[in-house]
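> First, the structure itself, so that you have it in front of you.
The values are calculated or read from the model by the stated rules, or taken from the named source; none is laboratory data. As the structure is a prediction and not an experimental result, all values here were calculated from the model. FYI the Cβ positions are ideal-geometry reconstructions off the backbone, even for glycines, and counts take in every protein chain you see. Accessible surface areas use protein heavy atoms only, side chains included; no ligands, DNA or RNA. Shrake-Rupley method; radii C 1.70, N 1.55, O 1.52, S 1.80 Å.
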Amino acid sequence: MTQPKTLREASCADDYDPESMPVATARTLIRTFLSPVTATERVHIRQALSRVLAAPVVSPLDVPGHDNSAMDGYALRFADLAPDRQTTLARVGESFAGRPSTARVGAGQCVRIFTGAVMPDGADSVVMQERTSEDGEGVHIFAGAIVKAGQNRRLAGEDMKTGAVVFDAGQPVRAAELGMMASLGINEVTVYRRLRVAFFSTGDELKSIGTPLGSGDVYDSNRYTIYGMLTRLDCELIDMGVVPDVPEDLERAFATAAEAADVVITSGGVSVGEADFVKQLLGKLGEVLFWKIAMKPGRPLAYGRIGGAHFFGLPGNPVSVMVTFYQFVRDALLLLQGQRDVAPVPTFKVPLAAPIRKAPGRTEFQRAILAPDGAGGWTVRTTGDQGSGILSSMSRANCFVVLPPEVASCAIGDLVDVQLLEGLI
Ligand code: AMP
Ligand code: MG
């Protein structure tokens with residue numbers, strides 16, 4: 001698909017089919033309309049965790065700051081060592097990590113040294129203590145203990161040089177980046193401001209927790225899964241509660257949300273039976289496309305703009321909400337937060353421990369459990385019933401099995417694509 005400039009242009013492209021939109025096409029199309037927030041702020045590095053750097057981080061230091069030893073042993077001059085027999089040197093000092101030696105190593109001398117300790121003046125190499133012995137006569141360095149000058153010596157700046165770019169703008173800050181910045185003595189960094197995300201649930205049958213259920217009512221759970229998923233992404237949240245299927249109420253809610261937020265997320269109200277008046281409403285307030293994604297679960301999805309805000313209209317079924325969030329919204333939010341090069345969630349192949357029934361035609365995201373196979377490998381099985389209202393299966397799962405449209409039922413031992421639900425950092 002060539003890059004559309006407007007949603008209308010996109011919806012007129014030859015290969016655009018709102019009745020059967022492939023997952024990858026929808027994802028690519030959404031990406032073309034995303035541009036990251038531009039406002040930035042300076043924060044202490046602790047507050048930068050889970051945020052995105054808005055300016056490059058440049059090293060103010062050499063790391064390590066001094067030449068130092070990679071071993072416990074003796075610092076010496078390589079030229080003093082006889083290549084084919086033991087050499088005896090006089091010990092003239094000790095260099096500990098954090099407590100350098102003041103001694104200078106002259107000809108025939110050495111300094112006892114420990115890992116991380118500063119190299120004493122005059123020495124160019126370190127011999128590990130296992131290749132030496134020490135007695136009243138001095139320190140004996142075994143023949144061939146080292147073979148070239150500079151061995152076991154870490155050079156100042158070999159990890160990072162003063163002025164080098166440590167991180168580019170667009171880098172997400174995780175535990176490793178925090179540690180790196182601390183190692184450089186950096187207190188504060190420039191990050192993009194948080195994304196403001198407004199969200200609400202739609203449906204006459206929905207009740208908020210803390211209120212009694214009437215006949216046919218259900219508790220609104222989507223607002224809580226969405227809250228959880230958005231919190232993991234460190235967004236600023238505007239929880240707008242439940243909005244009944246009443247056009248005036250919905251119109252007010254959409255307008256308020258779009259005014260207050262960068263992104264508006266709703267659940268429910270986009271299925272065939274309900275979409276018509278929502279469509280009309282959103283046609284009035286903005287430009288929104290309604291799709292039937294060729295996936296299961298999560299078939300209906302709306303994407304577009306309401307005023308200055310991006311809009312994601314997720315299906316109402318609790319599992320569909322999570323699947324469509326992970327497949328479409330998460331990536332989009334990462335890009336809007338300023339992350340560059342947002343890679344797709346990695347998938348890898350794992351053999352099935354139990355067969356899966358599937359009809360070809362759609363991408364299926366089945367909730368599944370990845371577990372050791374007892375022989376050093378891994379195996380995956382689904383959580384069982386895959387109904388899109390069965391939220392407990394999402395809780396029991398630690399991964400999705402992703403079955404592409406062309407795949408039909410799978411047998412034990414077939415290799416299937418797995419996407420992990422948990423990330424390490
Ligand atoms: P809809 O997409 O609005 O037709 O809803 C599809 C199904 O999901 C219906 O069974 C709804 O009751 C249910 N549902 C919709 N929204 C929520 C919600 N916020 N929490 C729990 N279930 C919901
Ligand atoms: Mg509904």
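> For the list (1) over 29 Å from Val272 (Cβ atoms); (2) charged (D, E, K, R); (3) not assigned by TED's automatic domain parsing to the domain that holds Gly185, I need the number of the one condition that Asp17 fails.
The failed condition is (1).
> Check the stretch 348-355 and report whether any residue there is in contact with a Pro (Cβ under 8 Å, 6 or more places away or on another chain) and surrounded by 17 or more Cβ atoms within 10 Å (Cβ to Cβ).
Filtering the stretch 348-355 down to residues in contact with a Pro (Cβ under 8 Å, 6 or more places away or on another chain) leaves none.
The answer is no; no qualifying residue exists.
> I'd like the full set of residues that are within 11 Å of ligand 2 (Cβ to nearest atom) and open to solvent by less than 20 Å² (accessible area, probe 1.4 Å), limited to the stretch 251-285.
Of everything in the stretch 251-285, those that are within 11 Å of ligand 2 (Cβ to nearest atom) and open to solvent by less than 20 Å² (accessible area, probe 1.4 Å) turn out to be Thr266, Ser267, Gly268, Gly269, Val270, Ala275, Val278.
> Could you give every pair whose Cβ atoms fall below 9 Å, whose first residue belongs to the stretch 301-325 and is in the same structural domain as Gln366 (by TED's automatic domain parsing) and at pLDDT 95 or above, and whose second residue is within 13 Å of ligand 1 (Cβ to nearest atom) and open to solvent by less than 10 Å² (accessible area, probe 1.4 Å), counting only separations of at least 6 or pairs across chains?
none
> Among the residues of the stretch 162-211, what is the count of those that are outside any strand (DSSP E or B), in contact with an Asp or Glu (Cβ under 6 Å, 6 or more places away or on another chain) and open to solvent by 70 Å² or more (accessible area, probe 1.4 Å)?
4
> For the stretch 212-241, give me the residue count where each residue is surrounded by 13 or more Cβ atoms within 10 Å (Cβ to Cβ), of a type outside the set (Asp, Glu), touching a strand residue (DSSP E or B) at 6+ places or on another chain (Cβ under 7 Å) and over 19 Å from Val319 (Cβ atoms).
Number satisfying all stated conditions: 4.
> A follow-up question, please. Among Ala79, Ala55, which is part of a helix (DSSP H, G or I) and surrounded by fewer than 16 Cβ atoms within 10 Å (Cβ to Cβ)? Please lay out each step first, then the result.
Values: Ala55 fails: part of a helix (DSSP H, G or I).
Exactly one of Ala79, Ala55 is part of a helix (DSSP H, G or I) and surrounded by fewer than 16 Cβ atoms within 10 Å (Cβ to Cβ), namely Ala79.
> Against the definition (touching a Gly at 6+ places or on another chain (Cβ under 7 Å), without any contact (Cβ under 8 Å) to a residue 60 or more places away in the chain and open to solvent by less than 70 Å² (accessible area, probe 1.4 Å)), how does Ala97 come out, yes or no?
Against the criterion (touching a Gly at 6+ places or on another chain (Cβ under 7 Å), without any contact (Cβ under 8 Å) to a residue 60 or more places away in the chain and open to solvent by less than 70 Å² (accessible area, probe 1.4 Å)), Ala97 qualifies.
> Does Gly313 fit the bill of being in contact with a helix residue (DSSP H, G or I) (Cβ under 8 Å, 6 or more places away or on another chain), more than 26 Å from Ala408 (Cα to Cα) and within 13 Å of ligand 2 (Cβ to nearest atom)?
In short, yes.
> Same structure again: Any residue at all in the stretch 104-113 that is crowded, with 19+ Cβ neighbours inside 10 Å and either assigned to a loop (DSSP other than H, G, I, E, B) or in the same structural domain as Met181 (by TED's automatic domain parsing) (or both)?
Scanning the stretch 104-113 turns up at least one residue that is crowded, with 19+ Cβ neighbours inside 10 Å and either assigned to a loop (DSSP other than H, G, I, E, B) or in the same structural domain as Met181 (by TED's automatic domain parsing) (or both).
> So for the stretch 187-204 (the condition being more than 16 Å from ligand 2 (Cβ to nearest atom) and more than 21 Å from Gln339 (Cα to Cα)), does at least one residue qualify?
Yes - at least one qualifying residue is present in the stretch 187-204.
> Out of curiosity, is Ala294 buried (at least 17 other Cβ atoms within 10 Å of the Cβ), in contact with a strand residue (DSSP E or B) (Cβ under 6 Å, 6 or more places away or on another chain) and at pLDDT 95 or above?
Details: buried (at least 17 other Cβ atoms within 10 Å of the Cβ): yes; in contact with a strand residue (DSSP E or B) (Cβ under 6 Å, 6 or more places away or on another chain): no; at pLDDT 95 or above: yes.
Spelling it out, it is not the case that Ala294 is buried (at least 17 other Cβ atoms within 10 Å of the Cβ), in contact with a strand residue (DSSP E or B) (Cβ under 6 Å, 6 or more places away or on another chain) and at pLDDT 95 or above.
> Might you check whether a residue that is more than 24 Å from Ala169 (Cβ to Cβ) and surrounded by fewer than 17 Cβ atoms within 10 Å (Cβ to Cβ) occurs anywhere in the stretch 40-51? Lay out the reasoning, then the answer.
Going through the stretch 40-51, the residues more than 24 Å from Ala169 (Cβ to Cβ) turn out to be none.
No, the stretch 40-51 has no match at all.
> Suppose we filter the stretch 367-408 for residues that are open to solvent by 60 Å² or more (accessible area, probe 1.4 Å), among the basic types (Lys, Arg) and within 26 Å of Gly268 (Cβ to Cβ); how many remain?
Matching residues across the stretch 367-408 total 1.
> Of the residues that make up the stretch 331-339, is at least one within 20 Å of Met295 (Cβ to Cβ), in a helix (DSSP H, G or I), more than 16 Å from ligand 1 (Cβ to nearest atom) and touching a helix residue (DSSP H, G or I) at 6+ places or on another chain (Cβ under 6 Å)?
yes
> Also, I was wondering about something else. Does at least one position in the stretch 294-315 carry a residue that is of a type in the set (Val, Ile, Thr) and more than 14 Å from Ala258 (Cβ to Cβ)?
No, the conditions are met nowhere in the stretch 294-315.
> Does the stretch 27-39 contain at least one residue that is aliphatic (A, V, I, L, M), surrounded by 17 or more Cβ atoms within 10 Å (Cβ to Cβ), outside any loop (DSSP other than H, G, I, E, B) and in contact with a Ser or Thr (Cβ under 9 Å, 6 or more places away or on another chain)?
No: the stretch 27-39 contains no residue that is aliphatic (A, V, I, L, M), surrounded by 17 or more Cβ atoms within 10 Å (Cβ to Cβ), outside any loop (DSSP other than H, G, I, E, B) and in contact with a Ser or Thr (Cβ under 9 Å, 6 or more places away or on another chain).
> Could you tell me whether Arg196 is under 25 Å from the mean Cα position of the chain (by Cα) and within 16 Å of ligand 1 (Cβ to nearest atom)?
no
> Additional query: Can you say whether Ala332 is more than 16 Å from ligand 2 (Cβ to nearest atom), in contact (Cβ under 8 Å) with a residue 24 or more places away in the chain, surrounded by fewer than 23 Cβ atoms within 10 Å (Cβ to Cβ) and more than 20 Å from Arg31 (Cβ to Cβ), as far as the supplied structure shows? Walk me through how you get there before you give the answer.
Details: more than 16 Å from ligand 2 (Cβ to nearest atom): yes; in contact (Cβ under 8 Å) with a residue 24 or more places away in the chain: yes; surrounded by fewer than 23 Cβ atoms within 10 Å (Cβ to Cβ): yes; more than 20 Å from Arg31 (Cβ to Cβ): no.
Here the answer is no, as Ala332 does not meet what is asked.
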